[in-house]
Structure formats: structure tokens, C-alpha cells
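**Student:** Here it is: the structure, laid out below.
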Amino acid sequence: MSARRPQRKRRGGFTLAELIVATTILTVVMTAVYSAFSTTIRVWRLAETHQQTYQDARIALSTMTRELNCILGGTEYLFQGKDDELEFFAVTPPMDVEKGEGARVLWIRYRYNGPADTLIREERIVEGPIPTRRRGYQADEFDMGRIKMGRKHKFDVASNVRGFDIEYRWIPPHEQKKGEPPEWLEPIVLDKNEQDWGLPQGLRITLTLDDPELDEGRQTFTTALTFRGPTTPYDEKKVGSVSEQ
């Protein structure tokens, strides 16, 4: 009998070519998964930023509109503002939660802080009587320091603000004939409202915020407000003639 050579047991494993192919396939799959995940995160972040922009604008403009519609009667002569700020007295709940949730008489000012890109709301609780306007009263005779008010509190109601613009709109003097329907009158648009001018018939407020989802990089929101309470008739002697505006 011839001697038989012992058979070697075949060892399990992968060849070098198989490892290279498997690694290549795994790399392609992981790259595709990472790319899809990264795109999803980027889209989600953009959508969240876009939603935050709308939410900030909605909260800021709705809060401002609500408080302007609650202006305290008899303080219309103290309503004043510029193209990027305004102040007034209103009956509304304070933002300072430590003062409670009930409505209080507040001094309120909204102003644009350009260096910080924020819209700021300031409030002070009125703790004493507000002088009523006397006949023959002159605007420069009144001192705001005469009104007893509490400590000032400041709140940022919107961030990433790129613009805040206010227009004060007055209805020009006119005579409406009896029996005829009211006619459309082009409002007088001013960029300021000084103390003692009174309460105009309406406001137009424009708020511009950053929005990286848009090509322009910003979004503009506009609201028009018509005052429901008694407003002040346009006084050309105080405000000036239409041609001067």
C-alpha cells in the first residue's frame, strides 16, 4: 500500500480582493447615509430658523397691536413717537410676571436697538394719577417726571432685527355732505408724532428680520392699525400744513 499524504484543513477567511470590494461597498453606503443625514439636518435647521422668524414677527406685532388698542383714555396727548420708536400709556397686563397677571396702567415704549439688532419693549407701572390736559395747555409745560411710576423693565421682543419703521397716518380735514357716501381720502403720512399732537387715526408698522432661507437674507412684515377709540382731528397749526410734510 502506498502511503497517503495527510490532507490539510482549509482555513476560513476572506481574500484580499474580497476585503477591498466589501470595504468599497461599505464606504459608498456610509457616504450616502451621511450625505442624506447631513442634508436632512440642514433643511430642518433652515425650516426651524424660518419658523422662528415668523414666530418672532407674529408675537412682536400682535403684542404691539393689542397694547396700542388699549391706550388709556385721556392720555392721547401724551402719545408720541419717531420713525423707529413710540411711547404711550395703556391698560394691559405687564410683562414683568412678578407684578401679577392682571391689567395695570403702564407706560410703554417700543424702540429699535440697531447695534444689538433687537426690538425692545420697556414698561413702567403707573403708581400715581396722570394729569389731564387743561384748556390752554402747552406741550412744553408738561414734565413726564410729574407722573409717579415704578422701576423700568426692559424686554427683547424680537431678535435679528434689521429694520423697524413706523408711519403715523392722519385723515386730512374735509367736509362730508349729508346724504352722500363717504369718499376716499388719501391719508397724511408722517414719520413722527410729537407730544400734544394727539392720537392719529392709524399706524403702519414695518418689521424686518433676518431669514437665511430667502435669497435676500431677510423678511419684511407689515401691519396696519386703525385706532378704535376716539382719535384726534388733524390740527394743521400744530402738525403743519400738508405741503410741509
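The values are calculated or read from the model by the stated rules, or taken from the named source; none is laboratory data. What you see is a predicted model; the values in this text were computed from it and never measured. Methodologically, a virtual Cβ is constructed for each residue, glycine included, from the backbone with ideal geometry; neighbour enumeration extends over all protein chains shown.
**Student:** Out of segment 133-163, which residues are modelled with pLDDT under 75 and either of a type outside the set (Gly, Ala, Ser) or within 30 Å of the chain's Cα centre (by Cα) (or both)?
**Tutor:** Hits for segment 133-163 are ARG133, ARG134, ARG135, TYR137, GLN138, ASP140, GLU141, PHE142, ASP143.
**Student:** Mind telling me which of the residues ILE166, ILE147, ILE188 ends up being in contact with a Leu (Cβ under 7 Å, 6 or more places away or on another chain) and aliphatic (A, V, I, L, M)?
**Tutor:** ILE166
**Student:** Please give the number of the condition LYS99 fails out of (1) in contact with a Phe, Trp or Tyr (Cβ under 8 Å, 6 or more places away or on another chain); (2) of a type outside the set (Gly, Ala, Ser); (3) surrounded by 15 or more Cβ atoms within 10 Å (Cβ to Cβ); (4) modelled with pLDDT under 80.
**Tutor:** It is condition (1) that LYS99 fails.
**Student:** Further, regarding this structure: So, in segment 210-221, exactly how many residues are modelled with pLDDT of 80 or more and surrounded by 13 or more Cβ atoms within 10 Å (Cβ to Cβ)?
**Tutor:** So the answer is 6.
**Student:** Also, quick follow-up: Mind listing just one residue for me: the one in segment 222-245 that is farther than 19 Å from LEU185 by Cα and modelled with pLDDT of 90 or more and, of those, surrounded by the fewest Cβ atoms within 10 Å (Cβ to Cβ)?
**Tutor:** Checking each candidate, the answer is THR222.
**Student:** Could you give me the residue pairs with C-beta distances under 9 Å whose first residue belongs to segment 84-106 and is assigned to a helix (DSSP H, G or I), whose second residue is among the basic types (Lys, Arg) wherever it lies, and which are 6+ apart or on separate chains?
**Tutor:** none
**Student:** When residues of segment 193-209 are filtered for being of a type in the set (D, E, K, R) and modelled with pLDDT under 95, how many remain?
**Tutor:** The total comes to 2.
**Student:** Within segment 15-30, count every residue that is over 52 Å from the mean Cα position of the chain (by Cα) and assigned to a helix (DSSP H, G or I).
**Tutor:** The qualifying residues number 9.
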